[in-house]
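Input: a single structure, listed below in structure tokens.
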Amino acid sequence: MKTMTRGLQWSLFLRSLTMQGSWNHQRMQNLGLLWTVLSWLRRTRRDVNRDRIICRRYYGFFNTNPYLANFLFGGLIRLENDQEAGLEVPPGVIGTFRDSVGRALASLGDQLFWLGLRPTLIMAICLFGLMGQIFTVLVVIGIFTVGQLLLRWVALRKGYDLGMDIVDLLFDPRWHTWIGRMKRAGMVLTGMVAGLYLAQVAEFGVTSDRNLLWIGTVLGMGLPLILRKRLPGELLIVAALFLALVLTFAI
Amino acid sequence: MALWVPVALVSDPTLSSLLVLGLLAGILALDDTALAQTWFGQPLPAAVLTGYLCGDPLTGLAVGLPLQLVLAGNLPIGQTFTGDSTSATIAAVAGAILGGRHLPPVLVGNSEGTWQLLGWVILGAGLLSLLGHLLIQGERRANGIWMLEGLRSLRDGRLGRIERLHIRCLLTTFLRGFSSGILFILLMIRVWMPLFPHLPPTLQTALGTLPLLLPGLGVGTMIERYGLKSSWPWVAAGMICTFLVAHYVV
């Protein structure tokens with residue numbers, strides 16, 4: 001097996017950071033995928049026909065999770081290298097591998113990052129914000145940044161080493177253990193934010209109308225549960241203004 | 001309040017300060033989707049960064065925290081709405097500070113007198129984010145057109161075209177963030193903030209309630225996201241413990 005050089009790993013890593021830079025509605029991350037793969041292609045024996053075939057292979061619809069994508073990129077480069085070295089890679093396998101692993105990583109990433117880690121981290125920084133720890137907000141995001149960059153770096157090497165065996169990694173039950181833990185941590189942090197906010201409402205000086213404070217807080221928490229519609233936050237602000245107007249007239 | 005306040009890099013709405021803030025907006029617009037996705041572009045970190053840059057991180061916190069909570073449910077899955085909360089947040093914080101206002105967070109000290117203006121600034125940020133949504137959609141449509149241009153490389157094998165197209169998309173995102181950031185700041189300073197004294201008193205009173213409603217709305221949105229049935233024991237445990245500690249111990 002041909003090893004991945006440090007130079008190629010750096011190049012793939014840096015390019016993979018921008019894989020969503022050309023996101024489009026038709027084929028999503030296809031241009032970003034090809035842009036990443038080009039750093040490998042540029043380092044190999046060049047031939048116009050071969051370049052055309054490889055461009056064609058990577059220009060179809062493609063969508064995956066950006067934080068986990070490097071597992072796939074590493075695996076793809078490994079398969080391409082194997083094919084270059086004359087090892088048997090059945091026709092169509094690279095495309096199937098790209099699509100199936102890409103979809104699996106997208107689904108895993110949705111659960112782990114978008115529904116697990118992101119709400120948890122957001123609630124954590126909101127908690128620090130409520131406590132007045134302004135600089136800590138940036139520190140928490142900084143720690144996440146370093147962590148996710150490390151994950152991307154390691155994933156590239158791991159993906160390359162595993163090749164097709166990435167599939168086994170996806171079946172690892174620890175992913176789901178971590179997703180469960182992340183979500184529970186997010187729920188507890190959401191409760192902590194609510195608890196601290198309610199404590200601040202209770203503590204606040206009596207110069208304002210206390211009833212308005214309490215009714216507003218409880219109505220605010222209850223509204224999304226009553227509506228049961230996932231409105232964008234921007235529309236919730238407008239809805240909150242109408243609610244505030246109603247409260248102003250009512251109290 | 002634990003604060004580390006640096007010397008303000010920008011303190012008045014001059015061309016150079018607008019350029020610095022536009023640069024921040026451009027970089028964070030890239031970070032939002034196109035580059036690395038570090039989440040520094042989320043409303044609270046973006047607001048705090050803008051606050052530090054303008055020398056008033058407390059105003060950044062006051063604007064960013066309710067925005068972050070109410071926008072916490074905006075996750076990039078299962079919805080087509082994107083919004084441009086990053087540029088909108090930067091504009092709201094910079095517009096308030098460069099317009100000579102200091103906005104402490106709600107429920108802190110003697111902040112009550114500024115709640116109405118804070119509500120107005122937050123409402124402005126929400127509307128600007130809606131406006132930014134249109135710009136982002138335009139940018140993505142342009143990416144689609146350029147992506148189709150790349151199909152020519154599938155015929156002639158010219159890799160340079162693919163690289164140029166991708167870099168063009170990245171530059172477009174930066175320029176979108178940079179220009180919308182500056183435009184939104186100018187809108188805040190020249191139009192939105194001067195409008196506030198002319199608002200009807202009833203609306204001003206309602207705006208004073210707005211920052212108080214948003215944290216609750218954010219928490220409610222998250223509970224709804226997690227599912228009330230499965231999340232309530234964890235949420236309740238966190239809420240009760242924190243309330244008791246904050247109210248009776250601290």
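To the nearest 20 Debye, how big is the dipole of segment B:103-222 about its Cα centre, given +1 on the beta carbon of each Lys and Arg and -1 on that of each Asp and Glu? Walk me through the intermediate numbers first.
Details: 10 positive and 5 negative charges, 145 e Å.
Value, rounded to 20: 700 debye.
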Q | Total accessible area lost when B and A pair, probe 1.4 Å, Å² to nearest 100 | A | 9300 Å²
**Q.** Per-residue SASA entry for B:Phe174, accessible area with 1.4 Å probe, Å² rounded to 10
**A.** 50 Å²
Q: Mind pulling the angle between the C-alpha long axis of helix A:93-109 and the longest principal axis of chain A? Nearest 10 degrees, somewhere in 0 to 90.
A: 20 degrees
Q.
With a 1.4 Å probe and all protein chains left in place, how much accessible area per residue does the protein assembly as shown have, in Å²?
A. 40 Å²
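On average, how many beta carbons from a partner chain sit within 10 Å of the beta carbon of a residue in A:101-114?
Numbers: counts 0, 0, 0, 0, 0, 1, 1, 0, 1, 4, 1, 0, 4, 4.
Per residue, the average neighbour count from other chains is 1.
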Q. Can you work out ³J(HN,Hα) from phi for every residue in segment A:11-17, in order, using Karplus 6.51 cos²θ - 1.76 cosθ + 1.60 and θ = phi - 60°, giving whole Hz and x for Gly and Pro?
A. 5, 4, 4, 5, 5, 5, 5
Q: Sort B:Leu123, B:Leu151 from largest to smallest accessible area, using a 1.4 Å probe on the heavy atoms of the protein chains.
A: B:Leu151, B:Leu123
Q: With a 1.4 Å probe and every protein chain left in place, tell me how much accessible area A:Arg52 has, in Å² to the nearest 10.
A: 70 Å²
Q | Residue mean of other protein chain beta carbons inside 10 Å, A:222-232 | A | 6
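For B:His102, B:His198, write out the residues from largest to smallest accessible area, computed with a 1.4 angstrom probe and no ligands counted.
Numbers: B:His102 95, B:His198 145 Å².
From most exposed to least exposed: B:His198, B:His102.
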Q: Towards the positive end of the charge dipole of the protein assembly as shown, with charges on Cβ (+1 Lys, Arg; -1 Asp, Glu), say which of A:Leu196, B:Met147, B:Gly73 has the farthest Cα.
A: B:Met147
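Counting only protein heavy atoms, what percent of the accessible surface of chain A is carbon or sulfur at a 1.4 Å probe?
Numbers: 6820 of 10650 Å².
Looking at chain A in its full context, I get 64 percent from C and S.
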Q | Cα gyration tensor shape for the protein assembly as shown, rounded if a/c is under 1.5, else prolate or oblate | A | prolate
Q. Can you list the HN-Hα couplings for segment B:186-198, worked out from phi with the Karplus curve (6.51, -1.76, 1.60; θ = phi - 60°), rounded to whole Hz and with x for Gly and Pro?
A. 4, 4, 5, 6, 8, 10, 5, 5, x, 6, 3, x, 8
**Q.** Percent carbon-and-sulfur accessible area, segment B:14-56, ignoring ligands, DNA and RNA, probe 1.4 Å
**A.** 80 percent
(Q) Once neighbouring chains are kept in place and the probe is 1.4 Å, which whole percent of the accessible area of segment B:91-250 is contributed by carbon and sulfur? (A) 69 percent
Q. What shape does segment A:181-250 have by the C-alpha gyration tensor, where a ≥ b ≥ c are the square roots of the eigenvalues, rounded means a/c under 1.5, and otherwise prolate means a/b greater than b/c and oblate the rest?
A. oblate
Q.
Less than 24 Å apart at the alpha-carbon level, and either on another chain or at least 8 residues along: which lysines does that give for A:Lys158?
A. A:Lys2
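Can you sort B:Glu224, A:Glu203 by 1.4 Å-probe accessible area, starting with the largest? Each step should come with its number before you reach the end.
Values: B:Glu224 25, A:Glu203 110 Å².
Correct descending sequence by accessible area is A:Glu203, B:Glu224.
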Q.
Test of the criteria: in segment A:1-90, which GluC sites (Glu not before Pro) are in a DSSP loop and have at most 13 other Cβ atoms within 10 angstrom of their Cβ?
A. A:Glu88
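Which value, in debye to the nearest 20, gives the size of the charge dipole of segment A:6-171 about its Cα centre, when Lys and Arg are +1 and Asp and Glu are -1 at the Cβ? Show your work: numbers first, answer last.
Working: 18 positive and 11 negative charges, 107 e Å.
Roughly 520 debye, rounded to the nearest 20.
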Q. Roughly how many debye, to the nearest 20, is the charge dipole of the protein assembly as shown about its Cα centre, given +1 on each Lys and Arg Cβ, -1 on each Asp and Glu Cβ, and no other charges?
A. 1460 debye
Q) With the contact rule set at Cα under 8 Å and sequence spacing of 6 or more, what percent relative contact order holds for segment A:6-171? A) 29 percent
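The values are calculated or read from the model by the stated rules, or taken from the named source; none is laboratory data. The model shown is predicted, which means the values in this text are computed figures rather than measured ones. Cβ sites come from the backbone with ideal geometry, for glycine too, and all protein chains shown count toward neighbours. We work out accessible area using only protein heavy atoms, side chains counted, and drop any ligands, DNA or RNA first. Shrake-Rupley method; radii C 1.70, N 1.55, O 1.52, S 1.80 Å.
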